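Engineer: Pasting in a structure now, in structure tokens, and then I'll have a few things to ask.
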Amino acid sequence: LMSGVKNNVGRGINVALVNGKTGEPLDTKFFDMWGGDVAPFIDFLKSIQDGTIVLMGTYDDGATKLNEEARKLIAELGSTSITNLGFRDNWVFCGGKGIKTKSPFEQ
């Protein structure tokens, strides 16, 4: 779904979206949270449709540019650790848009 071979991963937060009913990959993106801007990431999070499985993983630094709005949107996907994510922390997460509980798939 994501790999250096496919050249669809990068510094910051790497995201893959999967259709929750069919398992079909929908989109992959990465957002540079060190040198980039958080606004495109927030827009992307807001555009995710209900029923979508959301996979995220950090590479290098995924927290420097994260603001409260971005953290809140990720928490709404089921994350409980995003509030504590700091500079260069490693983090992987699987949640979903419209999830009613916390995700058990986070480290």
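Engineer: Identify the chymotrypsin sites (Phe, Trp or Tyr not before Pro) of the chain meeting these criteria: DSSP loop state and at most 15 other C-beta atoms within 10 Å of the C-beta.
Structural biologist: Filter output for the chain: W34, F87.
Engineer: Can you match percent of Cα pairs over 21 Å apart to one of these, (1) 34; (2) 70; (3) 27, based on a calculation from the structure here?
Structural biologist: Only one listed value fits the structure, namely (3).
Engineer: So, one more: Out of the total accessible area of the range 4-97 (probe 1.4 Å, heavy atoms of protein only), what percent is carbon and sulfur?
Structural biologist: On the way: 2560 of 4980 Å².
In the range 4-97, the share of accessible area belonging to carbon and sulfur is 51 percent.
Engineer: Also, quick follow-up: In the range 16-68, which trypsin sites (Lys or Arg not before Pro) are in a loop and have at most 10 other Cβ atoms within 10 Å, using DSSP for the loop call?
Structural biologist: In loop regions of the range 16-68 (DSSP not H, G, I, E or B), the sparsely surrounded trypsin sites (Lys or Arg not before Pro) are K21.
Engineer: Counting helices only, and only those DSSP H runs with n ≥ 4, report the 222 nm mean residue ellipticity of the chain as the sum of -39,500 (n - 2.57) divided by its residues, in deg cm²/dmol to the nearest 500.
Structural biologist: One gets -4500 deg cm²/dmol as the mean residue ellipticity at 222 nm.
Engineer: Ignoring ligands, DNA and RNA, what accessible area per residue does the chain give at 1.4 Å, in Å²?
Structural biologist: Each residue of the chain exposes 57 Å² on average to a 1.4 Å probe.
Engineer: Now, a different point. Any idea which of T83, N67, I99 is furthest toward the positive side of the dipole for the chain, if Lys and Arg beta-carbons carry +1 and Asp and Glu beta-carbons -1?
Structural biologist: Value computed over the given set: I99.
Engineer: Can you list the HN-Hα couplings for the range 70-83, worked out from phi with the Karplus curve (6.51, -1.76, 1.60; θ = phi - 60°), rounded to whole Hz and with x for Gly and Pro?
Structural biologist: Values, residue by residue: 5, 4, 5, 5, 5, 4, 5, 7, x, 6, 10, 8, 4, 5 Hz.
Engineer: Same structure again: In the range 55-69, whose amide N lies under 20 Å from the spot 7 Å out along Cα-to-Cβ of T22? List them in ranges.
Structural biologist: The answer is 55, whose backbone nitrogens lie closer than 20 Å to the label point.
Engineer: What FRET efficiency would be calculated for the residue pair V92, K46, taking the C-beta separation as r and a Förster radius of 25 Å, to the nearest 0.05? Spell out each step's value before the answer.
Structural biologist: Details: r = 22 Å, r/R0 = 0.89.
Here the calculated transfer efficiency is 0.65.
The values are calculated or read from the model by the stated rules, or taken from the named source; none is laboratory data. Since the model is a prediction, treat every value here as computed from it, not as a measurement. In this analysis, Cβ positions are derived from the backbone assuming ideal geometry, glycine residues included, and neighbour counts consider all displayed protein chains. Please note that ligands, DNA and RNA were not included when accessible areas were found on the heavy atoms of the full protein model with its side chains. Shrake-Rupley method; radii C 1.70, N 1.55, O 1.52, S 1.80 Å.
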